[in-house]
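Trainee: Below is a structure I'd like to ask you about.
What follows is calculated from the coordinates using simple rules that are stated; it is not laboratory data. Worth saying up front: this structure is predicted, and the values here are computed from it rather than measured. So basically every Cβ, Gly included, is an ideal-geometry build from the backbone, and we count neighbours across all protein chains shown.
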Amino acid sequence: MNNRLILSSQSPRRSDLLQRSGYAFEVRKFDVVEVYPNGLLPHEVASYLAELKASSALQQITPGYVILTADTIVIFDDQILGKPRDRANAIQTLQLLSGAEHEVITAVSISSNQSLRTDYERSFVKFSDLTTQEIHFYVDHFKPYDKAGSYGIQDWIGLCKIEKIVGSYTNIMGLPMELTYKMLGDFEIYPKGLKDH
């Protein structure tokens, strides 16, 4: 089998994680409206959206490709915290997360014309207390408008204001690589040079 890998995501974090893990891939974005049915559990929401992105991509590619799609959600107090609408919403979200623990779920779908597999990873993150000054500084300097939960674990807030992490760090970045590595292996997609050893 000689499948080629497509990452269907505009997330620079996902692209960076795949690249640093040694995979050869191309990035393509397939537009999809991210709407999900009411009544789904949080991990079902992430899985539903990852598969929705996969089905959109599969309709537009030729055989011989494997598509990787993912969706990350942040859950606090049984609420799903999506990407912030604007500055005020980002500030409000970080005020909620200050001093508290929240959950991050990323669902990963690997698909080809023959099969589709979806799985998810969950991690728990505990913020230390955030002052109003720190929140404003973070939002204004790091502009986390493309990030679920209004923050990126790999930037200032992750370096300076995270008290504890339980689970996968790369999951919080948006692509749980230990899980993704296993799933890609099932599709005979490996880091460059690995399967030759």
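Trainee: Could you list, bin by bin from short to long, the percent of Cα-Cα pairs of the stretch 105-197 in 10 Å steps?
Mentor: All Cα pairs, binned at 10 Å, distribute as 14, 36, 26, 17, 6, 0 percent.
Trainee: State the extension gain, in nm to one decimal, for the chain segment bounded by Lys195 and Phe25, taking 0.36 nm per residue of separation less the distance between their alpha-carbons.
Mentor: Contour length minus Cα-Cα distance gives 59.6 nm.
Trainee: For the stretch 1-62, compute the orientation-averaged projected area of the C-alpha convex hull (one quarter of its surface), in nm².
Mentor: Details: hull surface 21.7 nm².
Its average projected convex-hull area is 5.4 nm².
Trainee: Cross-link list Lys83/Lys143; Lys83/Lys164; Lys29/Lys53: which exceed 20 angstrom alpha carbon to alpha carbon?
Mentor: Lys83/Lys164
Trainee: Could you tell me, in Å, what Rg and Dmax come out for the Cα atoms of the chain?
Mentor: 17.2, 54
Trainee: Now a separate question. Cα centroids of the stretch 46-93 and the stretch 98-121: how far apart, whole angstrom?
Mentor: 9
Trainee: Still on this structure: Give me the angle, in degrees from 0 to 90, between the Cα long axis of helix 177-186 and the longest principal axis of the Cα atoms of the chain, rounded to the nearest 10.
Mentor: Around 20 degrees separate the two axes.
Trainee: Label points 7 Å out from Cα along the Cβ direction at Val35 and Phe137: separation in nm?
Mentor: Each label point lies 7 Å from its Cα, and together they span 4.2 nm.
Trainee: Counting pairs of alpha carbon atoms under 8 Å apart in space and at least six apart in sequence, what relative contact order in percent does the chain give?
Mentor: Values: 364 pairs, mean separation 46.6, N = 197.
So the answer I get is 24 percent.
Trainee: If each residue's Cβ is checked for other Cβ atoms within 10 Å, how do Asp77, Asp71 rank with the fewest at the top?
Mentor: So the residues, fewest neighbours to most, are Asp77, Asp71.
Trainee: What's the angle, to the nearest 10 degrees (0 to 90), between helix 132-142's Cα axis and the longest principal axis of the chain?
Mentor: With both axes taken from Cα atoms, the answer is about 30 degrees.
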